[in-house]
Amino acid sequence: MSDDPQESLKKLSELIPRLVRMAEREVGPQEAEELAAEVILTVVRHVQAGRIPEAASVEAWAIGVFKKEASEYKRKTRRLERALPLALSEQAVDNPDPSTWRIEEIEVARLTVEKALRFLPPRQRLILTLRLREFAHEQIADLLGISIDTVDREFKKAKVHLVQLLRLKQ
């Protein structure tokens, strides 16, 4: 494998369509982009930290990460589905001051945001997730093969859309 992180990220960006197809088989087309985004984020973090074993290719590493993330994603989805009735209840909006929330209320708020994120278009969700994980707009543009202006525009749209979705929950 090349020691150049940019080369590794380029190889990863070429793998994105394959990861999405694998995710479609694993969790269905509706949630495939979200699972693929989780895999991409994990692999990018490893590449940037230089934590890919020398003998491994980016492709082999990404496939291994995919298997682990797919399993974790399924567990998280089952947990979210079990907690969803509580997250949509009135309890989440009864107390608007987060500093006084109990652990259960914090979990409800987190689940509500997770649920709202699922309604964002896939590209907006991916860009917002990458930004929340402190990726620069330039890094996102390089990873996704789009312009920085597109990243900026989609990020702004994602924030507005997320706020609108959260307001609908109240």
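Annotations
- Residue tally, condition within 17 Å of residue 41 (Cα to Cα), touching a residue at least 24 places away in the same chain (Cβ under 8 Å) and surrounded by 13 or more Cβ atoms within 10 Å (Cβ to Cβ), over the stretch 140-170: 5
- Qualifying residue in the stretch 111-118 (condition: hydrophobic (A, V, I, L, M, F, W, C) and modelled with pLDDT under 75): yes
- Scanning the stretch 120-139 for residues that are more than 15 Å from residue 163 (Cβ to Cβ), surrounded by 19 or more Cβ atoms within 10 Å (Cβ to Cβ) and over 9 Å from the mean Cα position of the chain (by Cα) turns up just one, 135.
- Here is the figure for the stretch 3-37: residues that are part of a helix (DSSP H, G or I), of a type in the set (Asp, Glu) and modelled with pLDDT under 80 total 3.
- Restricting the first member to the stretch 115-130 and to residues that are over 17 Å from residue 42 (Cα atoms), and the second to residues that are of a type in the set (Phe, Trp, Tyr), the beta-carbon pairs closer than 8 Å and six or more apart or on different chains are 124/155.
- Filter result for residue 108 (at pLDDT 75 or above, β-branched (Val, Ile, Thr) and not assigned by TED's automatic domain parsing to the domain that holds residue 33): no
- Residue selected from the stretch 43-92 under the condition among the acidic types (Asp, Glu) and either closer than 16 Å to residue 10 by Cβ or at pLDDT below 75 (or both), by the criterion surrounded by the most Cβ atoms within 10 Å (Cβ to Cβ): 59
The values are calculated or read from the model by the stated rules, or taken from the named source; none is laboratory data. Computed from a prediction, not measured in an experiment: that's the story for all the values here. Cβ coordinates were reconstructed from backbone atoms using ideal geometry, including for glycine residues, and neighbour counts include every protein chain displayed.
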